[in-house]
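Here the structure comes first, spelled out in C-alpha cells, and everything after it is commentary.
The values are calculated or read from the model by the stated rules, or taken from the named source; none is laboratory data. From a predicted model like this one, the values you see are computed outputs, not experimental measurements. Cβ: placed from backbone, ideal geometry, glycine included. Neighbour counts: every protein chain shown.
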Amino acid sequence: MTGQATRVRSGAQPVPDGADDVDAALGRLPSLAETQRRLELLAGGLTNRNYLVTTDTGTRFIARFFAAKGALLAIDRDAEYENARAAAASGVGPDVVDYAPDDGVLLVKWIDGRTFTDDDLNDPVQLDRVAAGCRTLHAGAPFVREFDMFDVQRGYLAIVREHGFRLPADYESFEPAVQRVEQVLRGSAGGTVPCHNDLLAANIMDDGARLWFVDYEYSGNNDACFELGNIWSEAALEDDRLEHLVEAYFGGPSPVQTARARLFGLVAKYAWTLWASIQDAVSDVDFDYWAWGMEKYERARAEFNGAQFEQLIAIVRESI
C-alpha cells in the first residue's frame with residue numbers, strides 16, 4: 001500500500017535496491033541525464049521511497065524507488081510499469097516518463113494538486129468523482145496481469161507460514177468463511193476490468209479540475225466490485241457511502257453489487273492483514289505495520305462475526 005503525502009526536503013538517500021544513490025540512479029535515466037535537479041523526499045510511502053524531482057527548467061517528476069522485497073508482496077514491477085502506461089493512456093494516471101528496472105526506479109509526471117484524505121471519500125460529491133474515475137480506468141485497455149485477492153491472500157498466507165511471520169492467533173479460523181465468500185463472488189462474477197486495486201485516499205490526487213489515480217503496484221484485471229469495496233474499506237466508511245459509490249458507478253441502486261462490494265471489502269481487510277505481517281518483518285520503513293494490520297483485522301473479525309455476514313452471502317447467492 002502506498003501513497004503520496006506531505007513533502008519534506010531531503011538530500012539524496014540510499015536506494016533500497018542497491019543503486020549507488022538516488023541522484024546517480026536518476027542521472028542514468030534518459031530524460032534526466034543532462035539536467036541539474038533538486039530532490040525532495042516525500043513522506044508517506046509504506047513500500048517505496050518517493051522523490052519529487054525538480055529540474056533546472058522547472059519541470060517536476062515523481063521518482064519511485066522500489067522496495068527490495070516487493071516480490072513478497074505480490075508486486076510485479078514490469079507489470080506496474082505497463083499498467084501505469086495504460087492508465088495514463090486512459091487519462092486517469094500520470095504520464096510515465098522513464099523506467100529503469102535495474103536501478104529500481106519509475107519516473108512519472110508530477111501532478112500539481114492535493115492528495116485526497118478519508119474525509120474526502122466521506123463526501124458524496126467526491127465519491128461521484130471517484131466513481132467516474134473508476135469507470136474511466138475500467139473502460140481502458142486491459143492490464144498485463146490479473147489481480148485476484150483470494151489468490152493473493154493465499155500467497156501471503158503461505159509466505160507468512162513459511163517464514164514464521166506474526167499471525168493473529170485466530171486468523172485461520174476464518175478461512176472457511178472466506179471460502180464461502182469466494183464461492184458466491186466467483187459464481188456471480190461478470191468478467192474483469194483493469195483495476196487499480198489500492199485506491200486508498202493517499203493514491204487519489206485532485207488538481208482542481210480532475211482526479212488522478214497514482215501508484216499502480218497492485219494494478220491488474222479484477223472484478224470492479226473489488227475496486228469499490230476496497231475504496232470503502234480503506235477509508236472505513238459507513239455502509240451508506242458504499243451504497244452511494246456503487247450507485248454512482250453502476251448508474252443506479254444495486255443491492256447485489258453493493259453486497260458483492262462489501263464482501264470484497266471484507267476479504268481485502270483480511271488479506272491486507274497479512275501484507276502488514278510481511279511488511280512488519282521485512283520493511284526498513286519506520287512505520288508500525290503490525291498496528292496498521294491489526295486495525296484492519298479487528299474490523300474484518302467484526303464483520304465475519306456480525307449479523308449482516310449471512311445476509312450478504314444470501315443476497316449474492318440468490319442472484320446467481
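Couple of notes before you dig in:
- Search result, residues across segment 202-258 that are under 13 Å from the mean Cα position of the chain (by Cα) and of a type in the set (A, V, I, L, M): A202, I204, V214, L228, I231, A235
- Boolean, T273 is more than 17 Å from the chain's Cα centre (by Cα) and buried (at least 20 other Cβ atoms within 10 Å of the Cβ): no
- Test: A291 is surrounded by fewer than 16 Cβ atoms within 10 Å (Cβ to Cβ), not in a helix (DSSP H, G or I) and not aromatic (F, W, Y): no
- Highlighted here are the helices (runs of 4 or more DSSP H) found entirely within segment 149-256 that include at least 1 residues which are under 13 Å from V130 (Cα atoms) and in contact (Cβ under 8 Å) with a residue 24 or more places away in the chain: 224-234, 239-250.
- Residue ID - surrounded by the most Cβ atoms within 10 Å (Cβ to Cβ), chosen from residues in segment 108-127 that are touching a residue at least 40 places away in the same chain (Cβ under 8 Å) and among the charged types (D, E, K, R): D120
- Residues within segment 79-102 that are within 30 Å of D240 (Cβ to Cβ) and either within 17 Å of the chain's Cα centre (by Cα) or surrounded by 19 or more Cβ atoms within 10 Å (Cβ to Cβ) (or both), tallied: 3
- Positions within segment 180-213 being under 20 Å from W292 (Cβ atoms) and of a type in the set (V, I, T), in sequence order: I204
- Within segment 154-184, no residue satisfies the criterion of being at positive phi and surrounded by 15 or more Cβ atoms within 10 Å (Cβ to Cβ).
- Unmet criterion (only one of (1) closer than 24 Å to G155 by Cα; (2) at pLDDT 95 or above; (3) among the hydrophobic types (A, V, I, L, M, F, W, C)) for F116: (1)
- Failed item in (1) closer than 20 Å to D21 by Cβ; (2) touching a residue at least 60 places away in the same chain (Cβ under 8 Å); (3) surrounded by fewer than 18 Cβ atoms within 10 Å (Cβ to Cβ), with V105 passing the rest: (3)
- V108 vs. criteria more than 18 Å from N203 (Cα to Cα) and among the β-branched types (V, I, T): no
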